[in-house]
Amino acid sequence: MSRTEERENVLNTLHRRFGAGIIEFADRSPRRVYLEIRPESVREVADYLFHTLEARFNTASATDTPAAVEILYHFTLERFGLVISLRVELDRGAPAVDSLACCFPAAEWIEREIHELFGVDFRGHPDLRRLLLPEQWPEGVHPLRRDYQEWDSEAVRTRGV
């Protein structure tokens with residue numbers, strides 16, 4: 001089977017296996033695919049990518065959009081140079097999703113970072129203690145959220161470079 005055929009087989013299998021959990025399937029280029037996943041399907045799809053397809057978990061990234069807190073989980077299938085990103089949108093008022101740390105421990109630190117900076121509750125995470133922010137940082141204040149307000153009147157913080 002050629003790399004192109006193997007790639008198509010993987011994508012077709014994802015469609016068949018997780019169709020109900022996939023909101024949108026965007027095949028952007030031969031090397032890049034985005035799957036918008038229902039929050040309740042993230043763990044199952046990520047576990048399949050990692051354990052069954054042997055994709056490498058690269059990292060996760062987050063952003064606070066006007067409509068939702070969005071997380072992208074990035075995986076690479078090395079054998080044919082394909083990056084698959086799982087996109088999940090979470091309710092801005094109470095962003096929560098199942099942790100992937102039980103599937104692969106490499107997710108632990110990035111989930112802790114996203115928890116601190118965006119306020120996402122990673123259900124089932126083994127250790128959501130602080131990673132980056134100082135201990136005096138107030139609970140419930142997330143510096144990368146759109147609605148962030150400076151809480152320390154003596155702090156000198158700059159945004160950007």
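Compute, for Ile114, the solvent-accessible surface of its heavy atoms (probe 1.4 Å) with the complete set of protein chains present, and express it in square angstrom to the nearest 10.
Rounded to the nearest 10, that gives 10 Å².
Quick one, which of (i) 1, 9, 20, 24, 23, 15, 6, 2, 0, 0; (ii) 2, 8, 17, 20, 17, 13, 9, 6, 4, 2, 1, 0, 0; (iii) 2, 8, 13, 15, 13, 10, 7, 7, 6, 5, 4, 4, 2, 1, 1, 0, 0, 0, 0 is the actual P(r) over Cα pairs in 5 Å bins from 0, in percent calculated for this model?
(ii)
Taking all protein chains as present, what is the carbon and sulfur share of the accessible area of region 92-152, in % to the nearest whole number, probe 1.4 Å?
On the way: 1680 of 3310 Å².
Carbon and sulfur: 51 percent of the exposed surface of region 92-152.
Please state the relative contact order of the chain as a whole percent: Cα pairs under 8 Å, 6+ residues apart?
17
Which value, in Å², gives the accessible area per residue of the chain when a 1.4 Å probe is used on the protein heavy atoms?
The answer is 56 Å² per residue.
How would Glu70, Glu24 line up by accessible area, probe 1.4 Å, largest first?
Largest accessible area first, the list is Glu24, Glu70.
Report, in whole Å, the centroid distance computed from the Cα atoms of region 18-85 and region 99-150.
Here the two parts' Cα centres lie 20 Å apart.
Around Asn12, what is the net charge, scoring Lys/Arg as +1 and Asp/Glu as -1 over all other residues with Cβ under 13 Å from its Cβ?
-1
Taking amide H positions as placed in the peptide plane 1.01 Å from N, state which residues far from Ala55 in sequence (5 or more) or on other chains have amide H under 5 Å from it.
It is Phe50, by chain and number.
Might you report the magnitude of the Cβ-based charge dipole of the chain about its Cα centre, with Lys and Arg at +1 and Asp and Glu at -1, to the nearest 20 debye? Don't jump to the answer; show the numbers that get you there.
On the way: 21 positive and 28 negative charges, 118 e Å.
The dipole magnitude comes to about 560 debye.
Given a 1.4 Å probe and every protein chain left where it sits, what share in percent of the accessible area of region 34-82 is carbon and sulfur?
Roughly 48 percent, rounded to a whole number.
Find the percent of Cα-Cα distances in region 23-76 that exceed 18 Å, and round it to a whole number.
It works out to 36 percent of all Cα pairs.
Can you work out ³J(HN,Hα) from phi for every residue in region 21-27, in order, using Karplus 6.51 cos²θ - 1.76 cosθ + 1.60 and θ = phi - 60°, giving whole Hz and x for Gly and Pro?
Taking θ as phi minus 60°, the curve returns x, 9, 7, 8, 10, 10, 8 Hz for region 21-27.
Which residues' amide hydrogens lie under 5 Å from the amide hydrogen of His125, considering only partners 5 or more residues apart or on another chain, with H built in the peptide plane?
Amide H to amide H, under 5 Å and 5 or more residues apart or across chains, His125 pairs with Ser99.
Tabulate in residue order the Karplus-calculated ³J(HN,Hα) for region 143-148, using 6.51 cos²θ - 1.76 cosθ + 1.60 with θ = phi - 60°, rounded to whole Hz; enter x for Gly and Pro.
x, 9, 7, 4, 8, 4
Enumerate by residue number the GluC sites (Glu not before Pro) in region 26-60 meeting two conditions: DSSP loop (anything except H, G, I, E, B), and at most 14 other Cβ atoms within 10 Å of the site's Cβ. Numbers along the way, then the final one.
Values: sites: Glu36, Glu40, Glu44, Glu54; in loops: Glu54.
Here the sparse-neighbourhood loop sites are Glu54.
Which residues make up the longest stretch of the chain that has no trypsin sites (Lys or Arg not before Pro) in a DSSP loop with at most 10 other Cβ atoms within 10 Å?
On the way: sites that count: Arg129, Arg157, Arg159.
The segment 1-128 is the longest one with no such site.
The values are calculated or read from the model by the stated rules, or taken from the named source; none is laboratory data. Predicted model, so just to flag it, every value in this text is computed and none were measured. In this analysis, Cβ positions are derived from the backbone assuming ideal geometry, glycine residues included, and neighbour counts consider all displayed protein chains. Ligands, DNA and RNA are excluded from the accessible area calculation, which covers all protein heavy atoms including side chains. Shrake-Rupley method; radii C 1.70, N 1.55, O 1.52, S 1.80 Å.
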